[in-house]
Structure formats: structure tokens, C-alpha cells
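These notes concern the structure reproduced below.
The values are calculated or read from the model by the stated rules, or taken from the named source; none is laboratory data. On a predicted model such as this, the values are computed, not experimentally measured, just so you know. Ligands, DNA and RNA are stripped out before the accessible areas are found, and what is left, the full protein with its side chains, is counted by its heavy atoms. Shrake-Rupley method; radii C 1.70, N 1.55, O 1.52, S 1.80 Å.
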Amino acid sequence: METIIPLPAMPAVPVHGSLALFPVRRIYCVGRNYADHAREMGGDPNREPPFFFGKPNDAVVPGGGAIPYPTLTSNLHYEVELVVALSKGGRDISSSEAKDCIFGYAVGIDLTRRDLQATAKEKGQPWDTAKGFDQSAPISPITPVSPGGHPAAGAIWLSVNGVEKQRGDLAQMTWQVPEVIAHISSFVALAPGDLIFTGTPSGVGPIVRGDRIRCGIDGLGELEIVVI
Ligand code: MN
């Protein structure tokens, strides 16, 4: 096909134990999916259910590494999250069918300009500049679903310069992964290549230049970034 400009590169994430790459079509994110994080953000998890927002697919930073401190913020935050990678999609996927759509799982960080998010909330404006900026979605290699099954429980943690800041358990998610897939697919058609960031436990906080951030999830390995 002749195109008027060069075709943009398809962002892609390495797969553990394979030379193949997982191409990224869309990135969905779940907000307030852990009750303790909903509370620390000033919400009431009993009254406000989780919700969705997005990041552009080229916000992924495969394997982490050095990430420049973004412009126009003085309060960049980390949020460690379980990321789901889909190999199948569809509309109105039921919770019971949802697991059949999952290719694998990864560890991701939903980098957030917390100050711009606070302003957006106050003014009822969208979150795009707070959440969907360049290099805002570092992600580990994807671990394909093992015959042992899907992770429904297990530690999720993050440290800054060797000091632990976040520690939770996947079992604490308000919406478990199959419900997240069911909910999103009731709004939009999901498709192969979609990533879903499933929310963060409590303990979110600021990053300054030079910080080394490590995070991990039981069974899915670790991810490290350095903010420069
Ligand atoms: Mn998040």
C-alpha cells in the first residue's frame, strides 16, 4: 500500500520465552480497582465503582529502562499494575468467557501527572494529559498464560530507590480480570493486541529525577525504570 506518510511503527512488547513480539493495539486502564487506593484518592469504594480510561498504544515502554521526567508536571506518580494482554476480543464478552481472550500477563506502571489529574477532576476535564502522555506506560515482557492457569492472587509491589512503597495482592481487586474484560467489552469491542492496566493498590507517590523504581508481581517477573 502506498501511504502519504510512512506507516507509523506498531508498538510491540517482548514475550517471555519467545523471540516473538506482542503488537499493541489499544491500552485500557481501570481506575480505583483496589479499595485502599480508592480511599487514599479521596473516594468511597462502597459508593463509586471502578471505571475506565485510556492511553495511546505508543505510550508503552517495553522493558522499562530510562524514562525522561515528563514536561508540565511537578508531581509525577508511580502506580504498579497487573497488565492483561488479549489474543482474542469481541463485544459483550461474559465473565465466564473472558479468560479465553487472554494471551498473557505483565507488570506495568501507570505513570500519572497527579497535579494535572487533580486539576482535571476539579474542572471536570478529561484525563488525557494526566495519564496518556509519551512513555507513560512502561511494561515488562508478557508472560503467556501457563497451563497452571491465571493469576487471581499473589503479591504486587513497588519500591523506589530500594524502599518499598506499594504492596498489595491481586485478590484485592474490586473487579477481577474477567469482570474487567466483561465491563470494557460492554462499551467497546475488544480485539487481539489490546492491553488492560487493571488498577493499583495503595501507596502511590511522587517520583523525582534520578529515582530508580522497581516493581513486580508474583510469577510475572519484575520491571525497573529510572527517571532521568
Ligand atoms: Mn492506574
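Full extension of the segment from PHE52 to ASP128, taken as 0.36 nm per residue of separation minus the current Cα-Cα distance, would add 26.2 nm.
With all protein chains in place and a 1.4 Å probe, the accessible surface of the chain carries 55 percent carbon and sulfur.
Under the rule a/c < 1.5 gives rounded, and otherwise a/b versus b/c splits prolate from oblate, where does segment 12-227 land using the Cα gyration tensor? In terms of gyration-tensor shape, rounded. Calculated accessible area for the chain comes out at 46 Å² per residue, all protein chains present (probe 1.4 Å; ligands, DNA, RNA ignored).
3J(HN,Hα) couplings calculated from phi for segment 91-103 with the Karplus curve 6.51 cos²θ - 1.76 cosθ + 1.60 (θ = phi - 60°) are, in sequence order, 9, 6, 6, 7, 4, 6, 8, 4, 4, 5, 8, 8, 7 Hz; Gly and Pro show x. Each residue of segment 11-22 is assigned a 3J(HN,Hα), and the resulting list reads x, 8, 10, x, 10, 4, x, 8, 8, 6, 10, 9 Hz, derived from the Karplus form 6.51 cos²θ - 1.76 cosθ + 1.60 (θ = phi - 60°), x at Gly and Pro. For LYS99, a cut-off of 20 angstrom between C-alpha atoms picks up these lysines, skipping any fewer than 8 places away in its own chain: LYS88.
Leaving out same-chain residues fewer than 8 places away, which lysines sit with a Cα under 19 Å from that of LYS123? Candidates past the 8-residue exclusion: LYS131.
Database remark: amide H of PHE133 closer than 5 angstrom to no amide H (H placed geometrically; neighbours at sequence offset of 5 or more, or on other chains; Pro and chain starts carry no H).
Backbone amide hydrogens, once placed in the peptide plane, bring PHE52 within less than 5 Å of GLY31, excluding anything fewer than 5 places away on its chain.
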